[in-house]
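Below: the structure, in structure tokens.
The values are calculated or read from the model by the stated rules, or taken from the named source; none is laboratory data. Values in this document were obtained by computation on a predicted structure and should not be read as measured data. For neighbour counting, all protein chains shown are included, and Cβ atoms are generated from backbone atoms with ideal geometry for every residue, glycine included. Protein only, heavy atoms only, side chains kept; ligands, DNA and RNA dropped before computing areas. Shrake-Rupley method; radii C 1.70, N 1.55, O 1.52, S 1.80 Å.
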Amino acid sequence: MTSTWTIALRNLARNRRRTLTSGLALAVGVAGISLLGGYVARVELFLRTSAIYLQNTGHVVVYKAGGLEHASARPRKWNLSAAELSAVHAALGAVSEVDLAVDYLTGVGLLGNGCKSVPFLGLGVDPKLQARILNHPEVVRVTPELARPVQGKLLAEYASVEGAVALSGGLARRLSKSRVHDQLPPGAPATTLPDCTAASTDQLAADANVQLVALAYDGSLAAQDGEIVSTIKTPLAAADETTLITSLSRLQQLFDTDTATYVAVFLKPGASVQAGRERIEARLRSAGLQVSVYTFDDERINPYYAGNMAMLRSIFTFFSVLVACVVALSVVNAMTLNVIERTRELGTFRALGFTRRNMLGLFVRESVLLASAASIAGVLLAQSCALLINHAQLSFQPPGVTDPYQVVIATPPVLSAVTCAALLCLCTLSTWSAVRRRVRTGIYRLLTHAAA
């Protein structure tokens, strides 16, 4: 056995140029798949963290049955009532995978600065629970630039500020509100009605006060004063000019309701999202609740995540198949040339008593040695390229995202191992198919063919 491997190694060294060319093609293929897979894995982690923690959906989302489709138009009927919320939380408390369950209320209205009003999409949440979510280790590790406010602090730190609200950067700019509560000088004069005919926006920026106007659930007009305590980045550009976040109780007061639009469920680290959804749904059903349960990657909940991941997986699959075809052709070409050039050698070995299986095994061993060396070189090449790319701190702004983020590539060990194993199998199969017919040729024809 050992001597056969030694012969295989020597055969590879006989034609170094061909061996080097084939090995280089295999190594580049491994490196390319590893780098592309590492990029896809990093983007998936970024989008997953953003979808779960920053877009306020959690791992699993619980709506009233039909609420996802109808709550925005008829919230009074399709929101979860206070009694239903209590029952949902009681049922969720019995599911071991659940780490945290948070009530969210959404609604639309107009936000004014004393001169003009613009539409807003309001999100109400318990500030303390929001702070806990944004300080989650995964958020801090993956998306720290989106977790912290651009100006000001988290809502939880302004419990004493009446009407505290956080605005997205685009919404604050539309209202010419460039400063937040903490940036105003102590003892600043009371808010006065600005001169809306003046060209300058200094008067509008002199305070952090805004006015919220909306239709309450009973159809009456409701209004509140708000104080901007922070401006935030939104994960998606589509929400940058409309997002307003305030406390759940404050938004409930504006809409004159004690309901919530949905409950976001955050699972414990390592818990399976699909298994958690199934257990949560079963528990809620057994409690007699008419609810709909979705996972964060459902395209009805996060169409941006679902669409982008479908596209990235298609690109990864396409290039992987393309690389596999190139690798297979390279191996088949190299082994075909080898077996043609070594026809007389095959005949000699057969004449000495080597079986067809022995000869086929010899070429397969050569392929295994070549693929193994190329895999190691490819993994090292991928790691080196990833290190250079990360060190260069390149930025990339995907479509629909508010700001560019740094391109970070981390080649997962599992992906590298799977790629190398797949390459080894592919090389073995390609070699077997290229050599099989030749080694079946009779000894006399092998020797005379070589002589010719």
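Observations, loosely collected:
- Global geometry of the range 360-452, whether rounded, prolate or oblate, following the gyration tensor of its Cα atoms and the 1.5 cut on a/c: prolate
- FRET E, pair Thr4, Leu322, Förster distance 45 Å, beta-carbon r, rounded to 0.05: 0.85
- Accessible surface of the range 295-452, 1.4 Å probe, proportion on carbon and sulfur as whole %: 67
- Taking the centroid of alpha carbons for each part, the range 245-268 and the range 12-60 are 41 Å apart.
- Greater than 32 Å apart at Cα, pairs in Lys153/Lys268; Lys64/Lys116; Lys177/Lys268: Lys64/Lys116; Lys177/Lys268
- Difference of contour (0.36 nm per residue) and Cα-Cα distance, Glu278 to Ser176: 32.1 nm
- Between Glu162 and Ile376, the C-beta separation translates, for a Förster distance of 56 Å, into a calculated FRET efficiency of about 0.30.
- Relative contact order for the chain, counting Cα pairs under 8 Å that sit 6 or more residues apart, in percent: 27
- With the cut-off at under 16 Å, measuring from each backbone N in the range 275-316 to a point 7 Å along the Cα-to-Cβ line of Glu69 picks out 291-294, 299-301.
- Sum of -39500 (n - 2.57) over DSSP H runs of 4+, divided by residues of the chain (222 nm, nearest 500): -17000 deg cm²/dmol
- The slack between Leu215 and Leu24, meaning 0.36 nm per residue of separation minus the straight C-alpha distance, is 62.0 nm.
- Segment Ala422-Ala287, extension gain: residue separation times 0.36 nm, minus the distance between their alpha carbons: 43.8 nm
- Where GluC sites (Glu not before Pro) in DSSP loops with at most 16 other Cβ within 10 Å are excluded, longest remaining stretch of the chain: 1-161
- For the chain, the solvent-accessible area works out to 50 Å² per residue, with a probe of 1.4 Å and every protein chain left in place.
- Out of every Cα-Cα pair that the range 329-396 contains, those further apart than 14 angstrom amount to 72 percent.
- Taking 4.7 Å between C-beta atoms as the pairing limit, the chain has these partnerless cysteines: Cys325, Cys385, Cys420, Cys425, Cys427.
- FRET efficiency, Leu388 to Arg357 (Cβ-Cβ, R0 60 Å, nearest 0.05): 0.85
- On Cα atoms only, tilt of 82-92 relative to the major axis of the chain in degrees: 30
- In nm, spacing of pseudo-spin labels at Ala83 and Glu44 (7 Å Cα→C-beta vector): 4.4
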